[in-house]
Amino acid sequence: MNKVCFSPCSSYYDTRQLRTALEQVIAPQIESFGGISGKKILFKPNLLAWRKPEDPACVHPAFLLESVKVFLDAGAKVSILETPAVQTAEAVIRAMKIEEDLKRLDVPVACFSKFGPMRTDANTRFHHLELASEYQDFDAVVDIAKAKTHGMMMLTLCVKNLFGLVKGSERMGWHLNVGKDFSRFADMLLDIYLAVRPQFNLLDAITCMEGNGPGSGTPVHRGWVVGGTDALALDAAVAPLLNGGKELLILRNAAERNILPDFEIVGEQPQIEPLELPPPPGLLCEWGVMLPPGLKKYIREWMVARPVLDEEKCIGCGLCAKMCPPESLKIINGKAVFHYPECIRCFCCQEHCPKGAITICKGTLMKVCDVIERGMRKLMK
Ligand code: SF4
Ligand code: SF4
């Protein structure tokens, strides 16, 4: 049976407390793996982009560093591999100010560089994905995610973090291919999870991100370290605590595909205040699929959430335009301008804007539904 373990930790800067919390959640994983002494371990942390150390877009540097030390002290040999969206893994680690610590610990940091066809089986839905293949050279993978909201998937936890194994240049293509249908995107993430199946999974939920995640949301303190022997089991244990009862597509699809693993919570079962979520655009795209094409276009515009620009925050850097799979976003007169008919609502622009200048705005009908829902809730009180 898979194990998911929660441990409280109030601060990244109380090293002893952080270390104790990490040891508590890692110990059941090491036991389940059968020991890690002498093993080659690959760390795949969420290093979204070059940010300040305390920015909740990435796993916190203290969290990453202490996790590495727990594995080293148990006799493992650790390497860190990740491919951030724009910069290199080395540059992000430098920005986090732990480059020298990792050098002293003899822990190499690099971007994924070898790619090959993803391992598939009878459960696979996407048979032509290329993934980083380096993980196969290691005895085990440690998937380290940050608890954040996400425009497409509502939350990004351990399963979503594995999308970083897809070649950087191809991630955009996959957003373009499956971005219109978020349920398919969730299925693709599940395929990657099934292929990689990280043996160790950690979630940094000490400071989480809510609202305009995963790149520009608001940091909020929740004070938990979570570990699990299975990424999907960990997501299934954590999501109901963070998403206020809303259904995650990844979990819904996993249940439908009969791949949701059994798990038990080891130790404390916490109460965590839910995060403020972005609007759920995926649901609405699925509605759109059932409509006649002529009508679909208009309904989609009313219903589906869309990216909108805060002109005051936009510095015209052009990163959003570079990340836009269908090139429906251009920089005109130093500001980002959307061409909505071509926009597939993948929210890559919102994810990568370094200034938080792009937010997700609900469609008119979604807002009406919200008002009705709030009214109903009040009546039912
Ligand atoms: S919206 Fe953000 S990413 Fe795009 S140009 Fe403006 S600041 Fe840069
Ligand atoms: S404008 Fe933004 S949401 Fe629309 S397709 Fe481009 S990156 Fe995706």
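Some points to look at:
- Condition met for Ala122 (out of contact with any helix residue (DSSP H, G or I) (no Cβ under 7 Å at 6 or more places or on another chain) and closer than 29 Å to Lys322 by Cβ): no
- Residue pairs meeting the criteria (Cβ under 9 Å; at least 6 apart or on separate chains; first within 20 Å of Phe185 (Cα to Cα), in the stretch 326-345; second more than 6 Å from ligand 2 (Cβ to nearest atom) and among the small types (Gly, Ala, Ser)): Pro326/Gly179; Glu327/Ala321; Ile344/Gly179; Arg345/Gly151; Arg345/Gly179; Arg345/Gly282; Arg345/Ala305
Yes/no per residue for (1) among the charged types (D, E, K, R); (2) modelled with pLDDT of 95 or more; (3) in a helix (DSSP H, G or I); (4) under 30 Å from Gly223 (Cβ atoms):
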site	(1), (2), (3), (4)
Ser37	no, yes, no, no
Ile41	no, yes, no, yes
Pro53	no, no, no, yes
Cys58	no, no, no, yes
Leu65	no, yes, yes, yes
Val70	no, yes, yes, yes
Pro84	no, no, no, yes
Gln87	no, no, no, yes
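- Applying the criterion of at least 3 residues that are surrounded by fewer than 16 Cβ atoms within 10 Å (Cβ to Cβ) and at pLDDT below 85 to the helices (runs of 4 or more DSSP H) found wholly in the stretch 291-368 leaves 293-303.
- Test for Met152: is it modelled with pLDDT under 95 and within 30 Å of Thr218 (Cβ to Cβ): yes
Condition check ((1) in contact with a His (Cβ under 8 Å, 6 or more places away or on another chain); (2) at pLDDT 95 or above) across all residues:
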site	(1), (2)
Gly215	yes, no
Thr218	no, no
Ala233	no, yes
Pro261	no, yes
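- Long-range neighbours under 6 Å by Cβ, at least six apart or interchain, first residue at positive phi within the stretch 242-263, second of a type outside the set (D, E, K, R) and surrounded by 14 or more Cβ atoms within 10 Å (Cβ to Cβ): Gly244/Pro274
- Here Lys40, Lys52 are screened, and the one residue that is of a type outside the set (Phe, Trp, Tyr), in contact with a Ser or Thr (Cβ under 9 Å, 6 or more places away or on another chain) and in the same structural domain as Thr83 (by TED's automatic domain parsing) is Lys40.
- Arg51 passes every criterion in (1) in contact with a helix residue (DSSP H, G or I) (Cβ under 8 Å, 6 or more places away or on another chain); (2) of a type outside the set (Gly, Ala, Ser); (3) buried (at least 20 other Cβ atoms within 10 Å of the Cβ) apart from (3).
- Of all the numbered requirements in (1) touching a strand residue (DSSP E or B) at 6+ places or on another chain (Cβ under 8 Å); (2) modelled with pLDDT under 90, Asp121 misses one, and that requirement is (1).
- Taken over the stretch 16-37, the criterion of being of a type in the set (Ser, Thr, Tyr) and either farther than 17 Å from Leu202 by Cα or outside the structural domain of Ala74 (by TED's automatic domain parsing) (or both) is satisfied by Ser37 alone.
- Filtered residues of the stretch 213-228 (kept if part of a loop (DSSP other than H, G, I, E, B) and surrounded by fewer than 24 Cβ atoms within 10 Å (Cβ to Cβ)): Ser216
- Residue within the stretch 109-127 that is of a type in the set (Lys, Arg), farther than 30 Å from Asp73 by Cα and not assigned by TED's automatic domain parsing to the domain that holds Cys343 present: yes
- Condition check for Leu202: surrounded by 24 or more Cβ atoms within 10 Å (Cβ to Cβ) and modelled with pLDDT of 95 or more: yes
- Met152 meets each of the listed conditions (1) outside any loop (DSSP other than H, G, I, E, B); (2) buried (at least 17 other Cβ atoms within 10 Å of the Cβ) apart from (1).
- A single member of Glu247, Glu264 is among the acidic types (Asp, Glu) and assigned to a strand (DSSP E or B), and it is Glu264.
- Residues in the stretch 312-360 that are more than 12 Å from ligand 1 (Cβ to nearest atom), more than 23 Å from Gly168 (Cβ to Cβ) and within 19 Å of the chain's Cα centre (by Cα): Ile360 alone.
The values are calculated or read from the model by the stated rules, or taken from the named source; none is laboratory data. Note that the structure is predicted; figures quoted are calculated from it, not measured. We place every Cβ from the backbone using ideal geometry, glycine too, and count neighbours over all the protein chains shown.
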